[in-house]
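Have a look at the structure below before the remarks.
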Amino acid sequence: MINYTHWFIRARLKTRQLLLLVALDEEGNIHRAAEVLKMTQPAASKLLKDIEQVLDVPLFDRLPRGLRPTVYGEAMIRHARSALASLNHAHEEVLALKAGRYGQVSVGAITTPGIMLLPQAISRVKQANPTLRVSLQVETSDVLMERLSEGKIDFNVARLFAQHDKTALRFEALAEEPAVAVVRPGHPLLQVSALSLRDLNGWGWIVPPEGSVLRHRFDLMFLEESLEAPANLIETAALLFVTKMIGLGDMIGLMAGDVGRYYAGHNLVAVLPIALPCAMDAFGIITRTDRQLSPAASVMMAAVRSAAADSYGVPLEAGL
């Protein structure tokens, strides 16, 4: 039942006002925002003034060279993006249903589940629902969390970190992720018995960039063994570059365990026989508690859970 006491109903909030908030944020100028929305500048100014009057707060600071969102404006812009994305999804779902398709789902995943879980899950879903349209985005957790908040993704298979705003989020852990050291097939270290971290210290490494969790834990594992961190480093998150570079010499690459074993299965690298004291936090399914999943997203999520159960056994306890 519609609650007619909601402020946006009483205020007769218009979709054009939501579009204007987003355009002002992107353009930083009311004249350019009005042009983007194909309206006059006075009309745009009136729309902005109306919503500011209803909320009784300034949404933008008026500067000599344009507009800058206030803290109130940033909040409204974030929710405006989410509302507009939800309306777009609704339209696309209706069009899919009219065309006889099951619908569509957009999933975000970090690399390991993107390689290990999503191919299994998507294959199962497509076998049962060939017309379901699937969009998969493989990015870092930070990028995926931003897209989830904007409504561009239905759910993520990623990690939650301390810097993420956990308001209105649910996290269902699926698996932890140890790291492995990988080298080219035939590397001299593959012949060393009882390999230790000290044996790896004098070699060049290809590692994630500074600021990443895995890089931080890479540095710590040498410090905890009273060893100097390797100085011969290449920093990158581009896995295709890593595998190519490893094949050209004797450097060691640091990868998530499942990713390293995946490339080893294709004979692109070999995993060194050493248990690194270096691991990532658990990844899992991340959803918004303030949004209802579409039937297509629910089907996909069930398939991800099933694939995780097959790959990792019983999932870890869910929780934040």
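The values are calculated or read from the model by the stated rules, or taken from the named source; none is laboratory data. The structure displayed is predicted, hence computed values, not measured ones. Note that each Cβ is placed from the backbone with ideal geometry, even for glycine, and that neighbours are counted across all protein chains shown. To get the accessible areas, we keep the full protein, side chains included, count just its heavy atoms, and leave off ligands, DNA and RNA. Shrake-Rupley method; radii C 1.70, N 1.55, O 1.52, S 1.80 Å.
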If you roll a 1.4 Å probe over the heavy atoms of the protein chains, what accessible area per residue do you get for the chain, in Å²? 53
Residue by residue through segment 205-220, what is 3J(HN,Hα) from phi via Karplus (6.51 cos²θ - 1.76 cosθ + 1.60, θ = phi - 60°)? Round to whole Hz and write x for glycine and proline. 10, 10, 10, x, x, 4, x, 7, 5, 5, 5, 4, 6, 4, 4, 5
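Below 13 angstrom from the Cβ of V36, what's the summed charge of the other residues (Lys, Arg +1; Asp, Glu -1)?
Summing Lys and Arg as +1 and Asp and Glu as -1 gives -1.
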Roughly to the nearest percent, how much of the accessible area of segment 259-305 is carbon and sulfur, given a 1.4 Å probe? 55
How big is segment 181-320 by Rg and Dmax over its Cα atoms, in Å? 18.1, 54
Return the single residue from L223, L118, L272 with maximal mean-square fluctuation; model: Gaussian network over the chain, springs between Cα atoms under 10 Å. L223
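Suppose every K and R has +1 on its Cβ and every D and E has -1 on its Cβ; what is the size of the dipole of the chain about the Cα centre, in Debye to the nearest 20?
On the way: 32 positive and 33 negative charges, 314 e Å.
Once rounded to the nearest 20, the dipole reads 1500 debye.
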Which residue, A23, A302, A238, has the most motion in a Gaussian network model of the chain that connects Cα atoms within less than 10 Å? A238
Rg and Dmax of segment 123-254, using alpha carbons, in Å: what are they? 19.0, 57
Specify whether the C-alpha gyration tensor of segment 105-183 places it in the rounded, prolate or oblate class, a ≥ b ≥ c being the square roots of the eigenvalues: rounded for a/c under 1.5, otherwise prolate if a/b is larger than b/c and oblate if not. oblate
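Could you work out the longest stretch of the chain that avoids the GluC sites (Glu not before Pro) located in DSSP loops with at most 10 other Cβ atoms within 10 Å?
Values: sites that count: E210, E228, E317.
Counting only loop sites that pass the neighbour cut-off, the longest clear stretch is 1-209.
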Obtain the nm distance between the two label points defined at D250 and D219 by a simple spin-label model: each point lies 7 Å from its Cα along the Cα-to-C-beta direction. 2.7
Kindly work out what percent of the DSSP beta bridges joining two residues of the chain are antiparallel, to the nearest 5. 60
One finds the C-alpha centres of segment 249-266 and segment 105-123 to be spaced, in Å, by 19
Got a number for the accessible area of R81? Probe 1.4 Å, square angstrom, nearest 10. 60
Short version: ³J(HN,Hα) in whole Hz for each residue of segment 73-78, in order, from phi by Karplus 6.51 cos²θ - 1.76 cosθ + 1.60 (θ = phi - 60°), x for Gly and Pro, what are they? x, 4, 5, 5, 5, 4
